[in-house]
1. Could you list, in sequence order, the residues of region 67-92 that are touching a Gly at 6+ places or on another chain (Cβ under 8 Å) and not acidic (Asp, Glu)?
2. Within region 144-161, restricting attention to residues that are assigned to a helix (DSSP H, G or I) and among the basic types (Lys, Arg), which residue is farthest from LYS122 (Cα to Cα)?
3. Within region 38-57, identify whether any single residue is among the hydroxyl-bearing types (Ser, Thr, Tyr) and over 18 Å from the mean Cα position of the chain (by Cα), and answer yes or no.
4. Output the residue which, of all residues in region 159-180 that are polar (S, T, N, Q) and more than 18 Å from the chain's Cα centre (by Cα), is surrounded by the most Cβ atoms within 10 Å (Cβ to Cβ).
5. Hey, can you tell me all the residues within region 85-115 that are touching a residue at least 60 places away in the same chain (Cβ under 8 Å), among the hydrophobic types (A, V, I, L, M, F, W, C) and farther than 23 Å from TRP55 by Cβ?
6. With the requirement that a residue be surrounded by fewer than 21 Cβ atoms within 10 Å (Cβ to Cβ) and either touching a Ser or Thr at 6+ places or on another chain (Cβ under 6 Å) or of a type in the set (S, T, N, Q) (or both), what does region 108-133 give you?
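FYI, it's all coordinate maths here, none of it is from the lab. Note that the structure is a prediction, hence the values are computed from the model and not measured. We place every Cβ from the backbone using ideal geometry, glycine too, and count neighbours over all the protein chains shown.
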Amino acid sequence: MAQFKAFAPGVSVNGETVLSVVAGMGGFKAQALKILASKGIADPQPGQWYSQQAWLDSFKEISEKIGAKVLFEIGKKIPENAQWPPEIDNIEKALPSIDMAYHMNHKDGEIGHYNFKQTGEKNGVMVCQNPYPCEFDRGIVTSVARKFKPASSAFVTVKHDDSAPCRSKGADSCTYQITW
């Protein structure tokens, strides 16, 4: 599978997640709503469910018309205002929790996974096996890592591992190197 193609027909994504696209578009909110409507997601609402493929089609159009940088910004918006359980209180717990949140916001079929493995005291690897674009996932992982980075860390970096398989080249996953 490559990016922008749902792993299974009939998969749905919730309205709260769809609305993150609108939030991530900033000043282009009207254009985001127009793109979503053109794909069958008119007036998205919290608590409602929408076709994942229609949402992915929207991402593809956004990528083609506006560019990958906005996909990164959209990805960053998803975890920015999310509520986290009190036990998720550090980066080592937060990064693996992305997979749980991903599954809570999708239903009705195979959607893939976010698999985090800590590889050192202040680094790890995230393999994103899902149909979303590379820059969108980099935005999600970056936002979560920044939100939960330890006070002793001055920065967080999230780099796409260009030596690993990539969805933009038809693979099922992308890999990100994370340092904090």
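1. VAL70, LEU71, PHE72, ILE74, GLY75, LYS76, LYS77, ILE78
2. This residue is LYS147.
3. Within region 38-57 (the criterion being among the hydroxyl-bearing types (Ser, Thr, Tyr) and over 18 Å from the mean Cα position of the chain (by Cα)), the answer is yes, since at least one residue qualifies.
4. THR179
5. Residues satisfying the conditions are ILE88, ILE91, LEU95.
6. Hits for region 108-133 are ASP108, ASN115, GLN118, THR119, ASN123, VAL125, VAL127, GLN129.
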